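Below: one structure, written as structure tokens.
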Amino acid sequence: MGDPLGGAPWPAGGLATAVKPRPHPHPSPRPSPSPAVTAHAWVRAFKADAGYGAYDTSYTLYVSADGADTPLRLVARGQNLWSEGHFDATVAEYTGWDPSPAFADEDDGGGGDSVTFAVPPDCLARAGGNAGGAARPSARGGLPLPTPATLIAGALPNRHAGASPAYDAWLHAAPHRRTRSVAEYASRAAAFEAAAARVATHNARPGVSYQLGLNHMADWLPHELPGNAVVEGAPGAALSAASPRPGDAWHAAPPGFDPATLPPTLDWRGSPADSPVKDQAMCGSCWAFGTVGALEAAVWRASGAQVLLSEQQLVDCAWSPRSYAGKSPNAGCFGGFQTTAFDWLFAKGAASSEAAYPYRGVNGLCDSDAPAAVSFKGKYVWVGGGDDGLREALLRKGPMTVSVDAAADDFALYRSGVYNNTACASKLKRLDHAVLISGYGRDPATGAAYWLVKNTWSRLWGEGGYVRISAEPDGCGITAQPLYLELEDVVVSEEAGAGEAGRPSEEEEDGVGLASA
């Protein structure tokens, strides 16, 4: 196994800390009757922003406290720097140790591990000494200078490279992942080459209104794409679109509303109502992000506080079977529905913050003790009235959740322009992806009307995480299921804090300062 602490480049611009080891009980894997042993904990932690928001990553290597520094357990939390993957929590238990002087992996015919598990130079030595050297000072804002090991690892090509020069060049230009086997390399290279061909063919067509690009998902396999998760027992079912039920609330425009009075352009981006672009990773949790985005906007509208709330809480806790009270099913990373999640939130009457219950992108056990960042009462509200009804609601109520047809390959590879895919479905039951709508407008070059939509596939996708979807003729189903929240009795905890902008004034609720001609 390669060196997890020194064998991969740290993200540039991050804030690194090297922590002195401390005696730490090393728990054995459960359910093991073996007693706990005492270990030193070597910690490598940093903050970084790889293009989709700041995140914390830490590697904790537990080594024996007998002076031999025998590796016992590695705990990685955050982005997996071995595979350049998304956010996760990984625990590796080491059950064998060969302290011979040279390291070689399975491809090199054997060898020992002592070089691999020498105390990394990026970590400070155990108390009272310096084994391997402390991190060197840096002129880059406190980030330790890279060690020779990290420089070499960053420069080496993928160990399985060679069959696809175009794929190798893409991987090396911006290291997206390192494949684990020849078979994985072959399947990802094939996916990348198919995507590259699609991008080139589409972009060469005359008169297209949008461009495609090779983003971070260009080598993802079909089952890894977020839109392909399904609820068990309902393969192929639309996972984000639920129908109104008797008694549901409907949005009503003010008496005498005239669509001609609407501003031609509305853009909530950058305002406290529109939270930062997030990343659902390889998890079919779009329904949780759509739910939380609508809740964040409603909390700001009601209280003036911009509080980033937890999607992982919904992934872990807001599960429901298909038969539960006639509701649509929610199944974590296997898909779900905003309306069912709204019901869960209103029954609970509170939501945790993103900081207290961070996103992991995998199904987990529900943490019922997570502290609440905000408490509330309220209801969800459907928006009817077609294009004009949605524009009026956006002006008065701010960003809200909608569902779209995102099944086309073009959607995953979208880079810029007004997305006008005539194959898009518009019927409610054929919609498969929950997103947030943040405004509307017209393209300055073509005059084409569009909806401004915030996706949850990171800022590396589309126009900084957003897509402009054509409003003509049906907008990929955007007007089929717009939903926002009306809250009352909103209480934001002191720990969550209040937004700087304060509660919107009556003029802001009417769109002044957000709409432009």
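Throughout, read-outs are computed from the coordinates displayed, never taken from laboratory work. The shown structure was predicted, so the numbers you read here are calculated from the model rather than taken from an experiment. With ideal geometry, Cβ positions are generated from the backbone for all residues, glycine too; neighbour counts draw on all protein chains shown.
Of note:
- The three principal axes of the Cα atoms in segment 369-439 give end-to-end lengths of 42, 34, 26 Å, sorted in falling order.
- Descending Cα extents along the principal axes, segment 352-486, whole Å: 51, 31, 29
- With a threshold of 27 Å on the Cα-Cα distance, the over-threshold entries among Lys377/Lys427; Lys379/Lys427; Lys377/Lys429 are Lys377/Lys427; Lys377/Lys429.
- Length gained when the stretch Ser426-His172 is fully extended (0.36 nm per residue, less Cα-Cα span): 87.5 nm
- Spin-label pair Asp267-Ser64: with each label point 7 Å from Cα along the Cα-Cβ axis, the two points sit 6.2 nm from one another.
- Net length gained if the chain between Trp97 and Arg442 were fully extended (0.36 nm per residue, minus Cα distance): 117.8 nm
- Counting Lys and Arg as +1 and Asp and Glu as -1 over every other residue whose Cβ lies under 10 Å from the Cβ of Gly465, the net charge comes to +2.
- Across segment 165-204, the convex hull enclosing all Cα atoms gives 66 Å³ per residue.
- For segment 307-445, relative contact order (Cα pairs under 8 Å, six or more residues apart, normalised by length) works out to 21 percent.
- Rounded to the nearest 20 debye, the dipole size of segment 165-204 about its Cα centre is 140 debye, using +1 on the Cβ of Lys and Arg and -1 on the Cβ of Asp and Glu.
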